[in-house]
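Visitor: Here's a structure for you.
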Amino acid sequence: MPELRRDPIVGRWVIIAHERAKRPYDFKSDGQGLGEPRVCPFCEGQEDKTPPEIIAYRDFGSRPNGPGWRIRVVPNRFPALKIEGNLNKRGDGIYDMMAGIGAHEVIIESPRHHTSMATLGEDNIREVLWVYRDRLVDLKKDSRLVHGMLFKNVGEGGGAGLDHTHSQLIVTPIVPVSVWEEMTGALEFYNYRGRCIFCDMAQQELAVEKRIVLDSTHFTAFCPFASRFPFETWILPKTHASHFENIPKPGVDDLAHVLHQVLNKLELALDNPPYNYIIHTAPFDHIELPHYHWHIEVIPRLNKVAGFEWGSGFYINPVAPEHAAAFLRELEVGPSYPALALFERGSGRLQAATTHGS
Ligand SMILES: [Zn+2]
Ligand SMILES: [Zn+2]
Ligand SMILES: [Zn+2]
């Protein structure tokens with residue numbers, strides 16, 4: 001059973017999950033050593049290579065755990081947290097801990113072996129967003145759980161175990177520290193200005209334009225003023241909303257378009273970089289919050305987070321967000337666009353980004 005332990009100095013929780021050490025990758029595959037499995041367990045027809053599905057969007061008449069699906073959600077085979085049991089919160093001297101209760105699910109985004117979400121159609125991405133929403137709505141009924149984090153790891157540098165396009169959901173009995181920090185900072189701003197910092201940020205970015213990547217009906221994508229990483233891009237709903245799972249249908253439709261555009265732009269600009277995206281959303285146990293605003297953070301992994309960053313909490317970003325945004329904004333995404341790195345490698349800017357930290 002995994003265990004959650006609290007660092008008594010800074011209050012950060014850590015998941016001790018020894019079973020994860022056994023995982024060569026997250027799913028069983030047929031007789032091979034390390035490296036990519038010969039048979040991809042996420043491809044249609046290989047449903048028996050994953051734990052039984054939790055939910056799938058299927059064609060009419062198809063059977064669970066067989067072919068005929070469009071999106072499929074399965075438990076992670078080596079989960080960081082487990083759904084059975086009770087929290088058993090307890091102390092040991094100065095230390096606090098609880099059982100590693102939670103959910104760890106994998107969202108397989110296509111039955112075909114696409115290795116990039118950017119190559120999926122907008123209709124496909126729309127269904128992925130609906131399934132994200134469905135899973136959060138379902139898991140928030142569990143009173144032991146307080147927060148759901150949807151995220152995506154792409155490429156070895158992004159921590160992906162398999163290259164078939166997928167994302168993950170980890171639902172925890174604790175609010176993760178990164179969300180907690182954002183909520184605390186946003187509440188402070190709200191307390192003296194009476195407004196949501198994220199709403200103000202979207203408005204200011206749209207007014208000055210220089211960090212905008214894309215502006216659509218319901219969303220804006222921009223490189224944040226204090227970007228930690230080269231080409232870090234945030235997608236923010238333009239109307240205030242604290243919980244992702246309350247997204248209305250027009251929002252899902254528009255977000256599918258924006259996410260498709262942003263991922264394609266990043267892939268074109270940076271030649272299919274490893275990346276992560278995360279959805280930061282409010283904890284389950286709150287009604288609509290006036291000060292917190294859900295958003296997606298897309299983080300290309302061009303440079304390694306190294307000693308100084310770990311030690312200081314500072315990030316050194318060799319690409320100004322204004323330059324990154326201007327570059328991404330100009331890129332036109334279309335099926336005939338040549339897939340090559342357009343960012344001038346000779347200029348040293350991208351080289352600075354990729355060699356930093358080594
Ligand atoms: Zn596959
Ligand atoms: Zn807001
Ligand atoms: Zn965030």
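The values are calculated or read from the model by the stated rules, or taken from the named source; none is laboratory data. What you see is a predicted model, and the numbers here were worked out from it, not measured in a lab. Counting neighbours? That spans all protein chains shown, and the Cβs are built from the backbone with ideal geometry, glycine included. Only protein heavy atoms, including side chains, enter the accessible area calculation; ligands, DNA and RNA are left aside. Shrake-Rupley method; radii C 1.70, N 1.55, O 1.52, S 1.80 Å.
Visitor: Calculate what fraction, in whole %, of the accessible area of region 36-81 sits on carbon and sulfur atoms when a 1.4 Å probe is rolled over the protein chains. Write down the numbers at each step before the final one.
Guide: Details: 1200 of 2210 Å².
Carbon and sulfur together cover 54 percent of it.
Visitor: Looking at the chain, which longest stretch skips every one of the GluC sites (Glu not before Pro) that is in a DSSP loop with at most 14 other Cβ atoms within 10 Å, leaving the sites themselves out? Each step should come with its number before you reach the end.
Guide: Details: sites that count: GLU84, GLU209, GLU288, GLU332, GLU344.
Between the exposed loop sites, the longest stretch runs 85-208.
Visitor: Can you give me the distance in nm between label points at LYS304 and THR115, each placed 7 Å from the Cα along the Cα-to-Cβ direction?
Guide: Inter-label distance under the simple model: 2.2 nm.
Visitor: For the chain, set up a Gaussian network in which alpha carbons nearer than 10 Å are linked by springs, and say which option among GLY157, GLY334, GLY313 fluctuates the most.
Guide: GLY313
Visitor: Keeping all protein chains in position, work out how much accessible area PHE314 exposes to a 1.4 Å probe, and write it in Å² to the nearest 10.
Guide: Counting only protein heavy atoms, the figure is 130 Å².
Visitor: Right, here's the next one. Measuring from centroid to centroid over Cα atoms, what is the spacing of region 137-188 and region 208-225 in Å?
Guide: Region 137-188 and region 208-225 have Cα centres separated by 23 Å.
Visitor: Ignoring everything but the protein chains, give the 1.4 Å probe accessible area of ILE299 in square angstrom, nearest 10.
Guide: Looks like 20 Å² after rounding.
Visitor: Could you report the chain's accessible area per residue, 1.4 Å probe, as an integer in Å²?
Guide: Details: 16860 Å² over 358 residues.
Roughly 47 Å² per residue, with all protein chains present.
Visitor: Counting C-alpha atoms alone, how compact is the chain: give Rg to one decimal and Dmax as a whole number, in angstrom.
Guide: 20.5, 63
Visitor: Right, something else. Among ILE287, ILE247, ILE101, which one moves the most in a GNM of the chain with springs linking Cα atoms closer than 10 Å?
Guide: Among ILE287, ILE247, ILE101, the largest mean-square fluctuation in the Gaussian network model of the chain belongs to ILE287.
Visitor: Then there's this: Which percent of the accessible area of region 141-181 is formed by carbon and sulfur heavy atoms (probe 1.4 angstrom)? Write down the numbers at each step before the final one.
Guide: Details: 890 of 1570 Å².
Looking at region 141-181 in its full context, I get 57 percent from C and S.
Visitor: Using packing as a proxy for protection, rank 212-218, 56-62 so that the peptide with the highest average count of other Cβ atoms within 10 Å comes first.
Guide: Numbers: 212-218: 18.0, 56-62: 12.3.
Highest mean packing first, the order is 212-218, 56-62.
Visitor: Using the Karplus equation 6.51 cos²θ - 1.76 cosθ + 1.60 (θ = phi - 60°), what ³J(HN,Hα) coupling, rounded to whole Hz, does each residue of region 210-215 give in order, writing x for Gly and Pro?
Guide: 5, 10, 6, 9, 7, 10
Visitor: Straight-line reach from LYS210: which aspartates and glutamates have a Cα under 18 Å away, not including same-chain ones fewer than 8 places off?
Guide: Result set, ordered by chain and number: ASP200, GLU232, GLU322, GLU330, GLU332.
Visitor: Against the 2.2 N^0.38 Å scaling, with N counting residues, where does region 152-207 land? I'd like the Cα-based Rg ratio to two decimal places.
Guide: Working: Rg = 16.8 Å, N = 56, 2.2 N^0.38 = 10.2 Å.
Dividing the Cα Rg of region 152-207 by 2.2 N^0.38 Å gives 1.66.
Visitor: Now, a different point. Heavy atoms only, probe 1.4 angstrom, no DNA, RNA or ligands counted: give me ASP134, ASP48 ranked by accessible area, highest first. If you can, show how the numbers build up before the last one.
Guide: Numbers: ASP134 45, ASP48 105 Å².
Reading off the accessible areas and sorting them downward yields ASP48, ASP134.
Visitor: Let me ask you something else. Given R₀ = 41 Å, what would the calculated FRET efficiency be for LEU206 paired with GLU84, taking r from the Cβ atoms and rounding to 0.05?
Guide: 0.30
Visitor: Something else: Report, ordered by chain and residue number, the aspartates and glutamates lying within cross-link reach of LYS141, taken as a straight Cα distance under 20 Å and ignoring same-chain residues fewer than 8 apart.
Guide: Cα-Cα hits under 20 Å: GLU53, GLU84, GLU105, GLU245, ASP285, GLU288.
Visitor: Sticking with this one: Using the Cα atoms of region 96-148 to build a convex hull, what is its mean projected area in square nanometres?
Guide: With the hull built on Cα positions only, its mean projection is 5.1 nm².
Visitor: Placing +1 at every Lys and Arg Cβ and -1 at every Asp and Glu Cβ, with all other atoms neutral, what dipole size does the chain have around its Cα centre, in debye to the nearest 20?
Guide: Numbers: 38 positive and 45 negative charges, 124 e Å.
In total the dipole reaches around 600 debye.
Visitor: Looking at region 103-188, what % of the alpha carbon pairs are farther apart than 22 Å?
Guide: Values: 1376 of 3655 pairs.
Every Cα pair in region 103-188 considered, those over 22 Å come to 38 percent.
Visitor: Another question, if that's okay. Going Cα to Cα from LYS49, which lysines come in below 27 Å? Please leave out same-chain ones fewer than 8 positions away.
Guide: Cα-Cα hits under 27 Å: LYS22, LYS28, LYS82, LYS152.
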